[in-house]
1. Straight-line reach from residue 53: which lysines have a Cα under 16 Å away, not including same-chain ones fewer than 8 places off?
2. Which whole-Hz couplings ³J(HN,Hα) result when phi for each residue of region 133-146 is put into the Karplus expression 6.51 cos²θ - 1.76 cosθ + 1.60, θ = phi - 60°, listed in order with x for Gly and Pro?
3. Take the chain, connect every pair of alpha-carbon atoms lying under 10 Å apart with a spring to form a Gaussian network, then pick out the residue of 43, 80, 159 with the largest mean-square fluctuation.
4. Rounded to the nearest 10 Å², what accessible area does residue 25 have for a 1.4 Å probe in the complete protein model?
5. For region 22-134, what is the relative contact order in percent, using Cα pairs closer than 8 Å and at least 6 residues apart in sequence?
6. Write down the accessible area per residue of region 67-204 in Å², having rolled a 1.4 Å probe over the full set of protein chains.
7. Please determine, in degrees from 0 to 90 and to the nearest 10, the orientation of helix 11-21 with respect to the longest principal axis defined by the Cα atoms of the chain, where the helix direction is its Cα long axis.
8. What percent do you get for the relative contact order of the chain when only Cα pairs under 8 Å and 6+ apart count?
Amino acid sequence: MRIIITGDHDELARRRIRRAAGAAHVEFAADPGDGIELADAVVGKVPEPLLAKAGRLRWVHSPAAGVDGILSEGLLASDVTLTSATGNGAIPLAEHAMLLLLMLDRDVPRWLRAQSERRWERYTHGELAGKTIGLYGLGHAGLDLAAKAKAFHMRVLGVRRKDAPAPGVDELLGQDEFPRLLAESDYVVVTAPLTPPSPRDGSAGRSSPR
């Protein structure tokens with residue numbers, strides 16, 4: 001198997017990838033243009049014009065959890081398998097969301113302005129405890145954020161495409177109840193993929209207490 005891996009990778013990362021690839025032949029390139037005719041797999045985006053040249057291509061992998069930057073009409077129409085690194089960014093994304101929630105709740109820019117002006121300003125800030133966070137999308141990132149929000153004693157509402165267990169979510173809403181999620185939430189975080197829904201996904205069930 002010949003694999004083309006796009007993007008920037010230092011020598012340590014290249015050695016680890018080659019070791020993990022075993023007997024497969026791995027090439028690193030800025031883009032898959034050179035040698036695409038002989039590639040069996042590509043990690044990264046394959047531009048639409050190159051798909052016609054990729055006669056051996058059977059697998060495209062997104063190094064990110066989302067595939068919106070890679071998905072194309074030509075790829076959808078082909079028999080090439082598309083995969084992604086689902087869950088690899090869940091923890092940093094959830095942590096970043098909590099950082100932003102705290103910054104908003106504490107009005108951190110106000111602190112920074114006071115610091116830059118070398119003055120001490122007392123004011124009463126809010127707290128996340130008791131507030132409601134609405135999560136649109138409950139994949140790896142959404143569920144990790146739900147757990148972190150519960151640790152801050154927040155009420156968690158969630159909307160997801162599939163009617164499946166959602167640990168850490170106080171109430172799971174159907175997609176038709178998104179207006180209710182907006183109305184009841186102090187903060188809303190979108191953790192859904194930027195891809196169209198699949199007919200296989202179905203829709204989330206009606207609201208159900210957790």
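The values are calculated or read from the model by the stated rules, or taken from the named source; none is laboratory data. This one's a predicted model, so the numbers in the text were calculated from it and none came from an experiment. Here the Cβ is made from the backbone with ideal geometry for all residues, glycine too, and neighbour counts use every protein chain on show. With ligands, DNA and RNA removed, areas are computed over all heavy atoms of the protein, side chains included. Shrake-Rupley method; radii C 1.70, N 1.55, O 1.52, S 1.80 Å.
1. 45
2. 10, x, 10, 9, x, 10, x, 4, 5, x, 5, 5, 5, 4
3. Result: 80 has the largest fluctuation of those listed.
4. Number for this one is 100 Å².
5. Values: 106 pairs, mean separation 19.3, N = 113.
Normalised by residue count, the contact order of region 22-134 is 17 percent.
6. On a per-residue basis, region 67-204 sits at 59 Å².
7. 70 degrees
8. Working: 365 pairs, mean separation 30.8, N = 210.
Value for the chain: 15 percent.
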